[in-house]
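Here's the structure we're looking at; comments come further down.
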Amino acid sequence: MALAAAPGGRTPVNLPITTARLTLRVHRPADLEPLRAYYGDPEVARYLPFEPWDDDLARDSMAKRLLRTGIEGDCTSLGLVAELEGRVIGDVVMWCVDETRLRAEAGWAFHPDVAGRGYATEAVRAVLGVAFSCYGMQRVFAQLDARNTRSARLCERLGMTREAHLRRDWWGKGEWSDSLVYGLLREEWVGLTDEQRR
């Protein structure tokens, strides 16, 4: 079990993280093909800020993911793959958005084969727990394409508040699109019951 030191003497993050059904761990080089299996899917990449993975994009993206080992030292992002019974089914990333390291943005993607079973909710909830309980974050937010209704519903299941609907603020893939911003504050996370955090 790896132990990632949290900044400022905060609680260390014990990796891997085990939830009811999943194991969340840092990326490994061998994860390239499992991740490409869904990032290469045009439907999965539709609302992401990059094209479906081809050979070059897969290699470059994987190299960056291998560096997302925790929010400490010079590293300001934590990326974890979600494994179900040894199979990589998705990944979640959280990165700091300023020098305080008290505000972070989160993002995720999961294989379409596992949609609708609550795995993404379970994995993102675990990462929120790390953000607030270990890293002492003040706020975690997600910014997503307004057409991405699945991710919007996931944010709402997690107790995040829809804070903004930004009109035509993102140019990508040849078109302007609207963005939604969902946020969760530390005191809101603390106020959730244990059952709501599971």
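The values are calculated or read from the model by the stated rules, or taken from the named source; none is laboratory data. Bear in mind that the values here come from a model prediction, so they are computed numbers and not experimental data. When we count neighbours, we look across all protein chains shown, and the Cβ atoms used for this are built from the backbone with ideal geometry, even at glycine.
Numbers for the structure displayed
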| read-out | value |
| --- | --- |
| Any hit, the stretch 44-65, residues being at pLDDT below 95, surrounded by 15 or more Cβ atoms within 10 Å (Cβ to Cβ), farther than 18 Å from LEU144 by Cα and touching a helix residue (DSSP H, G or I) at 6+ places or on another chain (Cβ under 8 Å) | no |
| Subset of the stretch 43-52 [in contact (Cβ under 8 Å) with a residue 60 or more places away in the chain and part of a helix (DSSP H, G or I)] | GLU43, VAL44 |
| Residue among GLY183, GLY159 that is surrounded by 12 or more Cβ atoms within 10 Å (Cβ to Cβ), within 23 Å of GLY116 (Cα to Cα) and touching a Lys or Arg at 6+ places or on another chain (Cβ under 7 Å) | GLY183 |
| LEU158 within 23 Å of GLY79 (Cα to Cα) and touching a residue at least 40 places away in the same chain (Cβ under 8 Å) | no |
| Strands (runs of 3 or more DSSP E) lying entirely in the stretch 53-162 (those with 3 or more residues that are touching a Gly at 6+ places or on another chain (Cβ under 9 Å)) | 75-84, 87-96, 103-110, 139-145 |
| Residues satisfying the stated conditions in the stretch 25-57, i.e. more than 15 Å from HIS111 (Cβ to Cβ) and among the aliphatic types (A, V, I, L, M) | VAL26, ALA30, LEU57 |
| First in the stretch 111-137 and in contact (Cβ under 8 Å) with a residue 60 or more places away in the chain, second anywhere and acidic (Asp, Glu) and surrounded by fewer than 21 Cβ atoms within 10 Å (Cβ to Cβ), Cβ under 8 Å, 6 or more apart | PRO112/ASP41; PRO112/GLU43 |
| Yes/no for ALA82 being surrounded by fewer than 17 Cβ atoms within 10 Å (Cβ to Cβ) and either touching an Asp or Glu at 6+ places or on another chain (Cβ under 8 Å) or free of Cβ contacts under 8 Å to residues at least 40 places away in the same chain (or both) | no |
